[in-house]
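Read through the structure below, which is laid out as structure tokens, and then see the notes.
The values are calculated or read from the model by the stated rules, or taken from the named source; none is laboratory data. Values in this document were obtained by computation on a predicted structure and should not be read as measured data. Backbone-built Cβ (ideal geometry, glycine too); neighbour counts: all protein chains shown. With ligands, DNA and RNA removed, areas are computed over all heavy atoms of the protein, side chains included. Shrake-Rupley method; radii C 1.70, N 1.55, O 1.52, S 1.80 Å.
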Amino acid sequence: MLLSYYGDDFTGSTDVMEAMALHGVRTVLFTRIPTEGERARFPDCEAVGIAGTSRSETPQWMDEHLPRHFAWLKALGARFCHYKVCSTFDSAPHVGNIGRAIEIAREVFGQEVTPLVVGAPQLRRYTAFGHLFAGYQGETYRIDRHPVMSRHPVTPMEEADLRRHLARQTPLPVDLVPVTEVGDDRAVDQKLAAAKGILLFDVFDMASQRETGRQLLRLAPRLGPFIAGSSGVNYALVKALAREGGGFAPFERVPRIIAVSGSCSPTTARQIRHALAHGYEGLHADPVELAGPDGDAAIARHSAEAVRLIGEGRSVLVYTALDPVTEQGASLDAIPGGRHRVGQGLGRIARAAIAAHGLRRVILAGGDTSSHALGELDVFALTTRFPLAATPGSPLCTAASANPALDGIEIAMKGGQVGGDDYFTALRDGV
């Protein structure tokens, strides 16, 4: 086995699966630690992942849950084990703490130094001299000036220097292999000899990505298998291994589809407006109502309306916000577990529509939303159905479920800032 991995949210987990599948690495993503029978359905996979929720969890949650997940992944004996984080690296000491996750893995794997790779040019994410940059609407921004990520409602990125950002999350020292030295074995060895915690590799372009992958392969016998970072880890490894991908059968138009969104990103807002202008029927669900004491009634009401509209032959998009203002973040955060409950509620609405009409395709939008919504769909594994070239990091997937009504359905999950304006319509209309 080449790779085992834990994704800190579900959309990020499918990002890894897509990166590997594009390069011919057979990959399965489980939504939890699988049973032996579930694992047996995928005997030939070279990469095995678990989709988690740690991006939206506390360090205390990580202490309770991550050790057993890392131990299970370690037992697979893969050449590499990857803790996958978002390529925008949004995280904080109190939620989604990447430093704490690395500390836990360090204990499980008995590994002193953890390589860290964040840059992924395929996703327009770049690191140079330890600073993170990300593309948005045709421009590239330092992450602390990014129009979306600098204003994230839960984990705003206020620091572009990833070493300084991590210093708020862990006492582990963070050393850097800058882009000017990533191809120099002697310089990298000197950095490694001095490192005592985390070793960040710059990835600024395809050349530095390939060199970073070569260094990961070269250093693994000395370091151990554990690596942290974005899907830039996976792209670096497959580029260095010169793995080539195969083809995927196009997916066809479906007459009706259910999409749910808990994202408040301006990117998703444009996608929602485009979808509503091109044949989707929109249903606005108040997130505070979904998360509040009358949440069950609100879920039932929206489920009934979605089922009715789909019965009339329409595609439906249930959304909680069109921008940070309508997201009602302050009110939602006042409800214990409020954001998780919104995702779960949207998942229940999607499930009701699937059950009523036998739908075969569903879209879950929003990083945290997707993680908790998918948990309501009784799906235990995903494989890549079709990588969306225009929207890297959010492929169409095929689901595996013990429920015959859900087994084999197609699911697409996307983070808030991912995709072009036609994301929802393209997934309905096929390629």
For segment 298-385, the accessible surface attributable to carbon and sulfur atoms (probe 1.4 angstrom, ligands and nucleic acids excluded) amounts in percent to 53
In whole percent, the fraction of accessible protein surface over segment 100-232 that belongs to carbon or sulfur atoms, probe radius 1.4 Å, stands at 48
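What whole-number value in Å² describes the accessible area per residue of the chain for a 1.4 Å probe?
Working: 15670 Å² over 431 residues.
Accessible area per residue: 36 Å².
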For segment 181-238, the dipole about the Cα centre with charges only on Cβ (Lys and Arg +1, Asp and Glu -1), to the nearest 20 debye, works out at 240
Measuring from its Cα centre, the chain shows a charge dipole (+1 at each Lys and Arg Cβ, -1 at each Asp and Glu Cβ) which, in debye to the nearest 20, is 620
In the list (1) 96, 61, 41; (2) 67, 44, 41; (3) 128, 79, 48, the entry giving Cα extents along the principal axes in Å computed from the coordinates is (2)
Measuring from its Cα centre, segment 30-82 shows a charge dipole (+1 at each Lys and Arg Cβ, -1 at each Asp and Glu Cβ) which, in debye to the nearest 20, is 80
Carbon and sulfur atoms account, in whole percent of the 1.4 Å probe accessible area of segment 1-52, for 50
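Of the listed peptides 389-399, 171-181, what is their order by residue-averaged count of other C-beta atoms within 10 Å, with the highest listed first?
Packing proxy ranking, top to bottom: 389-399, 171-181.
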Taking a ≥ b ≥ c as the square roots of the eigenvalues of the Cα gyration tensor, with a/c under 1.5 meaning rounded and otherwise prolate when a/b exceeds b/c and oblate if not, segment 272-431 is rounded
Which of 130, 343, 110 fluctuates most in a GNM of the chain (C-alpha springs under 10 Å)? That residue is 110
Whole-Å distance linking the alpha carbon centroid of segment 1-75 with that of segment 338-387 is 18
Descending packing, highest mean Cβ count within 10 Å first, for 311-321, 114-124, 402-412 is 114-124, 311-321, 402-412
Taking a straight Cα-to-Cα line shorter than 22 Å from residue 239, and setting aside same-chain lysines fewer than 8 residues away, one finds 84
In deg cm²/dmol, rounded to the nearest 500, the helical mean residue ellipticity at 222 nm of the chain, built from -39500 (n - 2.57) for every DSSP H run of length 4 or more, is -11500 deg cm²/dmol
With a ≥ b ≥ c from the Cα gyration tensor eigenvalues, square-rooted, and the rule rounded for a/c under 1.5, otherwise prolate when a/b > b/c and oblate otherwise, segment 1-131 is oblate
